[in-house]
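The values are calculated or read from the model by the stated rules, or taken from the named source; none is laboratory data. Values in this document were obtained by computation on a predicted structure and should not be read as measured data. Quick reminder, even Gly has a Cβ in these numbers, built from the backbone with ideal geometry, and neighbours come from all protein chains shown.
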Amino acid sequence: MTVAYRGDAFRGFAPSDGVPTVAGAIAGAIKQVLGEDVALVAAGRTDAGVHATGQVVSMDLPDRVDPAVLARQINALCGPSIVVRDARWVPAEFHARFSALWRSYRYQVLNSPVPDPFLADRAWHVHRPLNIRAMRLAVDAIVGEHDFSAFCRRPKDEDGREPSMKRYVMDADWIRSEDGLTTFRITANAFCHQMVRALVGTFVEVGLGKRPPSDVRGLLVSGDRSQAAQVAPPHGLVLVEVGYPLDLG
């Protein structure tokens, strides 16, 4: 299933007892329709307040299920905060997370003297002027394969091994429109926890003149999370698209 949702109503995607989550809402709707529990796998486990237009979710369902009908039933129960945009059968080996080749996110910053009430829930308002040229120069440093420890919240060690923070960024850029909406777009093979928001927070500091563009390369080399900026607010972040091999649908 390709799923879109507004993250401000949920405590992230992953199921969690006692709090509303996107996975919990979808699984609850499926159980109401089919009468059985279903385990969901997502391409990316978005945090609380983060939105998605192209989240991909996989699950095992009985052969009798018509995906298109189930999608309409989920939308009737979960919409408009959560909607299934597309649903189809895929090969048994498909896995929403491990089969993915890349993910694309965007982060929106409203750079204007006054906020916009119609963008308040999906763009970070920064009232001081941003130097977009400096921000774009800073982005050059992150393209390619790097250790992003300086921009990630480190997860707990798995089986006594320190998890790798290496990620391959295929493309990244800042784009500014005439209305002051400034958008960061990034595509990578995978992302570690809070990576995009930490990058955005640091790039905005560059745009405000608080640090030079060259700082980003130094941060990558240092791997020191304490030297990078605080994470940007979650409501500006959107999971846009996930790419898969053609033979997996």
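What the table below lists for this structure:
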{"item": "Filter result for Val206 (buried (at least 19 other Cβ atoms within 10 Å of the Cβ), out of contact with any Phe, Trp or Tyr (no Cβ under 8 Å at 6 or more places or on another chain) and in a strand (DSSP E or B))", "result": "no"}
{"item": "Scope the range 16-29; condition out of contact with any helix residue (DSSP H, G or I) (no Cβ under 7 Å at 6 or more places or on another chain), of a type in the set (A, V, I, L, M) and either buried (at least 17 other Cβ atoms within 10 Å of the Cβ) or modelled with pLDDT of 95 or more (or both); matching residues", "result": "Val22, Ala23, Ala27"}
{"item": "Within the range 158-190, tally of residues that are closer than 28 Å to Tyr244 by Cα and part of a loop (DSSP other than H, G, I, E, B)", "result": "6"}
{"item": "Of all residues in the range 89-115 being of a type in the set (A, V, I, L, M) and either more than 30 Å from His127 (Cα to Cα) or touching a strand residue (DSSP E or B) at 6+ places or on another chain (Cβ under 7 Å) (or both), the one that is modelled with the lowest pLDDT", "result": "Ala92"}
{"item": "Residue, nearest to Tyr107 (Cα to Cα), within the range 18-60, restricted to residues that are in a loop (DSSP other than H, G, I, E, B) and polar (S, T, N, Q)", "result": "Thr46"}
{"item": "Residue among Arg133, Arg167 that is under 25 Å from Cys192 (Cα atoms), assigned by TED's automatic domain parsing to the domain that holds His193 and either touching a residue at least 60 places away in the same chain (Cβ under 8 Å) or of a type in the set (Lys, Arg) (or both)", "result": "Arg167"}
{"item": "Enumeration of residues in the range 175-215 that are of a type in the set (A, V, I, L, M, F, W, C), within 28 Å of Arg97 (Cβ to Cβ) and in contact with a helix residue (DSSP H, G or I) (Cβ under 7 Å, 6 or more places away or on another chain)", "result": "Phe184, Ile186, Met195, Ala198, Leu199, Phe203"}
{"item": "Within the range 81-109, tally of residues that are in contact with a Gly (Cβ under 6 Å, 6 or more places away or on another chain) and among the aliphatic types (A, V, I, L, M)", "result": "2"}
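Each row is one residue, and each column tells you yes or no for (1) surrounded by fewer than 23 Cβ atoms within 10 Å (Cβ to Cβ); (2) closer than 16 Å to Gly236 by Cβ; (3) in contact with an Asp or Glu (Cβ under 9 Å, 6 or more places away or on another chain); (4) aromatic (Phe, Trp, Tyr).
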{"residue": "Pro163", "(1), (2), (3), (4)": "yes, no, yes, no"}
{"residue": "Arg167", "(1), (2), (3), (4)": "yes, no, yes, no"}
{"residue": "Gly180", "(1), (2), (3), (4)": "yes, yes, yes, no"}
{"residue": "Phe184", "(1), (2), (3), (4)": "no, yes, yes, yes"}
{"residue": "Cys192", "(1), (2), (3), (4)": "yes, no, no, no"}
{"residue": "Ala198", "(1), (2), (3), (4)": "no, yes, no, no"}
{"residue": "Thr202", "(1), (2), (3), (4)": "no, yes, yes, no"}
